[in-house]
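As structure tokens, the structure follows; a few thoughts come after it.
The values are calculated or read from the model by the stated rules, or taken from the named source; none is laboratory data. This structure is a prediction, so every number in the text was calculated from the model and none was measured. Note that each Cβ is placed from the backbone with ideal geometry, even for glycine, and that neighbours are counted across all protein chains shown. Protein only, heavy atoms only, side chains kept; ligands, DNA and RNA dropped before computing areas. Shrake-Rupley method; radii C 1.70, N 1.55, O 1.52, S 1.80 Å.
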Amino acid sequence: MLRNSSRIIASSSTSALRRSGVRTLVVARNVTPQFTRLTVQPQQNLIFRSAFHSSSLLLSETVKVPQMAESITEGTLKQWNKQVGDSVSQDEEIATIETDKIDVSVNAPMAGKITELLAEEDSTVTVGQDLFKIEPGEGGGSGSGEASEKDKSQPSGAAKSEAKNAEEGNKDKAAPEAAKEKGASEETHKKQDEKAPKLDKSPEEKPAPRKEESSPPAPAPAPKKEEKPSSSKKEEAPKEKSAAGSRNETRVKISRMRQTIATRLKASQNAAASLTTFNEIDMSSLMEFRKLYKDGILKADGVKLGFMSAFAKASCLALKEIPAANASIEGDSIVYRDYVDLSVAVATPKGLVTPIVRNAESMGLIEIEKAIAELGKKARDNKLGIEDMSGGTFTISNGGVFGSLYGTPIINLPQAAVLGMHSIKEKPVVVNGQIVIRPIMVVALTYDHRLLDGREAVTFLVRVKEYIEDTRRMLLPSPL
């Protein structure tokens, strides 16, 4: 009776321990008529239980829409870069918010897992609004989760193997008790018998199918693969022909940046008294200068010498002579500036942006080229900030990179003027009474007639022409 009661207590206790998550390793059955002893692994169980409780006690934290700029209070949630259940690391980009001027990235404040998204794509979000929830934890993707699962699975497998070995040793010592417990012994023997023939068959069966698969199936899929694309091509061909007469329409929501650009351009046309003057520049001198020094500058400074830096430097020198072209109207006052914050128009897939080269008047050609290259890269990578585009006193737009021959640029309010560069074309011109072929660029200056009269505007453009046609003039203290 005592033995039977001890077995009943042992079986109930082991089942209770298994349900609670504690792994039993050795069950000593051949003992005195007392409660059955259980041997466990306390360290592994404590580690497992502490990890389990730590994950359950962590609470999700709500991340809000961050502050974007003083003048920006809302934006459009462009896209979610992560979804619910994804593991993220600290400072990893979670979402992108499109504003009137720039795209703002929302990053994870901590490592963890995304538990809930509180806004939909293409919806309007305001500063301080709840955006998503994150549960703190280990970041870095699914690798950490898999590692933790492996760590949990390994001790369980080891415990099971040790338990089986211990039970077999106990069966040899206590044969009558092991015979009575046929259920457990038969199941273990069946598992061992099932594993044994598989191990014997696997080395015999593996080489046979490899030989069969290597020889016949190789030619078989080849014609099938050739036939399938041919049929699909035949099916796609009539679709393309039928699409030739299609009258489908696609309606796309205007982005915030495009809306802002359209509003500002129309406001410029309505507010400014715009007028454009043109001139032609012989680019022979500047092209020869660039040809001589571009390789040395690229090797020494790691930047390509282009035409934009020369026009920027020439414009800064001309603005000193014609300060009204660098001024702006604010209320009932005219603000004149001693510095030049040069706005450079850059075309991006989202629209035209004008990042600013600060204090361009104090820079040389190489410094201007570096600054323009850096701003252009940031614009194409959508990394421009508000500080990169706020302000600006004069703008240069280079439509020549797209092949534009003539054009009338629009003033970037509240600025007073904008210089437009165009493509270089060889033309016959008269030089010293002879007709010669020269590379000619047409330049245009659109100015606000409220600030600049025709004399100042034309003088400004002539000064730029003189500096470009003879770059040595830029070294002189004053124009000749």
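Translational D (Stokes-Einstein, µm²/s) of the stretch 329-397 at 37 °C and 0.692 mPa s when Rh comes from the Kirkwood sum over C-alpha pairs?
256 µm²/s
In terms of modelled amide H atoms, which long-range or inter-chain residues lie less than 5 Å from the amide H of residue 274?
449
Would you count, across the stretch 282-387, every pair of lysines whose alpha carbons are under 18 angstrom apart, provided the pair is eight or more residues apart or spans two chains?
16
With +1 on the Cβ of every Lys and Arg and -1 on the Cβ of every Asp and Glu, and nothing else charged, how large is the dipole of the stretch 245-302 about its Cα centre, in debye rounded to the nearest 20?
Around 640 debye, computed over the stretch 245-302.
Within the stretch 348-454, report the chymotrypsin sites (Phe, Trp or Tyr not before Pro) that DSSP leaves as loop and that have at most 15 other Cβ atoms within 10 Å.
Sparse-neighbourhood loop chymotrypsin sites (Phe, Trp or Tyr not before Pro): 406.
For a bin width of 10 Å, list the pair-distance distribution of the stretch 293-341 built from all Cα-Cα distances, rounded to whole %.
24, 32, 23, 16, 6, 0
Kirkwood hydrodynamic radius (Cα pairs, Å) of the stretch 246-302?
Across the stretch 246-302, the inverse of the average 1/r is 17.1 Å.
Spin-label point model (7 Å from Cα, Cβ direction): what's the residue 301 to residue 455 distance in nm?
3.7 nm
What does the extension gain come out to for residue 62 and residue 279, with contour length at 0.36 nm per residue minus their alpha carbon separation?
Length gained, residue 62 through residue 279: 72.2 nm.
Once the piece of chain linking residue 366 and residue 469 is laid out straight, how much longer is it, given 0.36 nm per residue of separation minus the C-alpha distance between them?
35.2 nm
Could you give the nm distance between label points at residue 476 and residue 390, where each point is 7 Å from its Cα heading toward the beta carbon?
4.1 nm
What fraction, in whole percent, of alpha-carbon pairs in the stretch 294-447 exceed 24 Å separation?
38 percent
Name the residues of the stretch 444-480 whose amide N is less than 20 Å from a point 7 angstrom out from the Cα of residue 293 along the C-beta direction?
464-480, by backbone N distance to the label point.
What accessible area, in Å² to the nearest ten, does a 1.4 Å probe give for residue 78?
Number for this one is 80 Å².
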